[in-house]
Amino acid sequence: MMGTEQSLGVVFQIYQSLLVVLLAPLLTGWVNQCRAWLQNRSGPGLLQPYRALRKLFHKDAVIAYNASLLFRSTPYILFACMWLAAAIIPIIAVDLPFSPAADVIALVGVFALARVFISLAAMDIGTAFGSLGARREMLVSFLAEPALLMVFFTASMISHSTQLPRIVEALAHHQFILFPSLAFAGLAFVIVLLAENARIPVDNPSTHLELTMIHEAMILEYSARHLALVEWASSLKLFAYISIGIALFFPYGIADVGNWGALPVAIVALLAKLVLAGAALAFLEALLAKMRIFRAPEFLGTAFLLAVLGLLIHFLLGA
Amino acid sequence: MTISYSVQIINLLASILLLIAFAMLTQRRILSLINLFAWQGLVLSLSTFVVAYSTDQYHLYYSAGLTLLLKVLVLPWLLHRLMRKLNVRWDVETLINIPTTMLVGIALVIFSFNLAAPISQLSESITRGLIGIALASVLLSMLMMLTRRKAIPQVVGFLAMENGLFFAATSATHGMPLVVELGIALDVLVATFIFGIFFFHIRETFDSLDISHMEKLKDD
């Protein structure tokens, strides 16, 4: 027999998950639209990702002759991983029943699981592009992951917990203080976000130039519903990362424990923050130029450095 | 929260100072290096101003103004002028590659935080944690001087080192007597002038600003 509190929690958990899945392509569309505006183009419109997904779902899938089960199952695993990650992150409310299932370290693990599968699937077919993309992805992510962990550790040190809901609660309810350590962690997180989501200084998601692509090289062999799932998973990943950023650095406005009445406000706040974050991301991408692949380690090394500095400054100043 | 806003602002500025020290360490271009130096001066002047405001020490206002004038306007202008006259814009030569330098930098920060911990126990001031940050930025600037080959970045490193020292003096002990500060400020200014003259001599003699030429004193 469940109490009303619990059943309400479950309802809102389901609501958050559905909201995330449905909103993720819209966020991608918004980022692309902002980018188009900044480049003086009219842009494809906000709903373009949905149209692309619908088109892809209606096509017949073409699969390489020697593709194994791994290749066929990877899109589903990828999608499930990203959805799971988005369910763990407190996006509309702190106190959702699914959040305690995994802490931030497990969250990084979920992202790593998806990455391992997409890399293996890329190498599964045996095309040159696939393995090239997989290797580059591994190069980028093995540098980004420690930086991401350090960002999480900085936030954990401040809030004395590795559970995301506890971290968000602690940060949202602090009387407003300037946390120098969190500022450093925030900078590092932005770099990790750009690298992990194949955004511009590291990778360009809208190009098929063979010399520069990372993410696109890996998914080159996918078509129809598989490609749709992979694309959708990428949007979900971007959504999840931006939500983590919001949760860690701008958690104000999220619904508190047991305060379900604050949910409408929380959703409006979330939408406003997403709009701002998407525009900021597009602006950042318009400012930066794609860097050479061998500069990427230096770029991500900077992220690691910033995150470690944040941690050290927390130890020294206690803030 | 018992910590007042001024302390929080000083802490934030201290972190920015450290960040700029790191940015200078990883910077490849001379032009951006000089701009970063100017930013560091601005942060320093702001923090001195906040210390002056929160402790009601009037002579610190003068030293904040002096810092602003000297380190944000005069010295960068001098360095820009030197750079134009010597016609050097690029500095790609570092002795150790940049990621390694960053790792060494992190080690230096940990070292100086540890070193400063017992010292700051002795201090009564609320901003005593900043001694570690000031020491770290001094050591990072020294590391920059060690890893650069050209003369101008080394001089910028020297000036940044002085910035770190100055920060330690104002934030941890609430400032030295004004006479001492004036003396140091003039010293730095004069040193930059002398360095400027030096650059021209180095270039005339060796046709380059690469100081490794100076290791060979004889033609062979």
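Worth pointing out:
- Any chance residue A:266 is away from chain B (no Cβ under 14 Å), crowded, with 18+ Cβ neighbours inside 10 Å and either more than 19 Å from residue A:122 (Cα to Cα) or in contact with a helix residue (DSSP H, G or I) (Cβ under 8 Å, 6 or more places away or on another chain) (or both): yes
- Some residue of the stretch A:127-139 being under 18 Å from the mean Cα position of the chain (by Cα) and under 25 Å from residue A:251 (Cα atoms): no
- Long-range neighbours under 6 Å by Cβ, at least six apart or interchain, first residue over 16 Å from residue A:117 (Cβ atoms) and in contact (Cβ under 8 Å) with a residue 12 or more places away in the chain within the stretch A:135-148, second of a type in the set (Gly, Ala, Ser) and surrounded by fewer than 22 Cβ atoms within 10 Å (Cβ to Cβ): A:140/A:296
- Residues that are within 14 Å of chain B (Cβ to nearest Cβ) and crowded, with 19+ Cβ neighbours inside 10 Å within the stretch A:147-170 comprise A:147, A:150, A:154, A:158, listed in sequence order.
- Filtered residues of the stretch A:27-78 (kept if surrounded by 15 or more Cβ atoms within 10 Å (Cβ to Cβ), aliphatic (A, V, I, L, M) and more than 17 Å from residue A:230 (Cβ to Cβ)): A:31, A:36, A:38, A:46
- Selection from the stretch B:12-35 of residues that are at the interface with another protein chain (Cβ under 8 Å from one of its Cβ atoms), in contact (Cβ under 8 Å) with a residue 40 or more places away in the chain and either of a type in the set (Gly, Ala, Ser) or over 19 Å from residue B:51 (Cβ atoms) (or both): B:14, B:15, B:22, B:26
- Lone qualifier among A:237, A:290 - being among the charged types (D, E, K, R), surrounded by fewer than 18 Cβ atoms within 10 Å (Cβ to Cβ) and closer than 23 Å to residue A:44 by Cβ: A:290
- Within the stretch A:52-96, being part of a helix (DSSP H, G or I) and basic (Lys, Arg) holds for A:54, A:55, A:72.
- Residue within the stretch A:306-318 that is farther than 30 Å from residue B:121 by Cβ and of a type outside the set (A, V, I, L, M) present: no
- The one condition in (1) touching a helix residue (DSSP H, G or I) at 6+ places or on another chain (Cβ under 9 Å); (2) of a type in the set (Lys, Arg); (3) over 21 Å from residue A:89 (Cα atoms) that residue A:237 fails to fulfil: (3)
- Where a residue in the stretch A:100-118 is of a type outside the set (A, V, I, L, M, F, W, C) and surrounded by 19 or more Cβ atoms within 10 Å (Cβ to Cβ) and its partner, wherever it lies, is at pLDDT below 90 and not in a helix (DSSP H, G or I), with Cβ under 6 Å and at least six apart: A:103/A:162; A:103/A:163
- Every residue from the stretch B:41-60 that is aromatic (Phe, Trp, Tyr) and in contact (Cβ under 8 Å) with a residue 24 or more places away in the chain: B:53
- Within the stretch A:168-214, considering residues that are farther than 19 Å from residue A:290 by Cα and not in a helix (DSSP H, G or I), the one modelled with the lowest pLDDT: A:176
- Some residue of the stretch B:185-199 being surrounded by 16 or more Cβ atoms within 10 Å (Cβ to Cβ), more than 15 Å from the chain's Cα centre (by Cα) and modelled with pLDDT under 75: no
- Residue B:54 vs. criteria assigned to a helix (DSSP H, G or I) and under 17 Å from the mean Cα position of the chain (by Cα): no
- Qualifying residue in the stretch B:61-82 (condition: more than 14 Å from chain A (Cβ to nearest Cβ), touching a residue at least 40 places away in the same chain (Cβ under 8 Å), assigned to a helix (DSSP H, G or I) and more than 20 Å from residue B:185 (Cα to Cα)): no
The values are calculated or read from the model by the stated rules, or taken from the named source; none is laboratory data. Every value quoted in this text rests on a predicted model; they were computed, and no experiment measured them. Methodologically, a virtual Cβ is constructed for each residue, glycine included, from the backbone with ideal geometry; neighbour enumeration extends over all protein chains shown.
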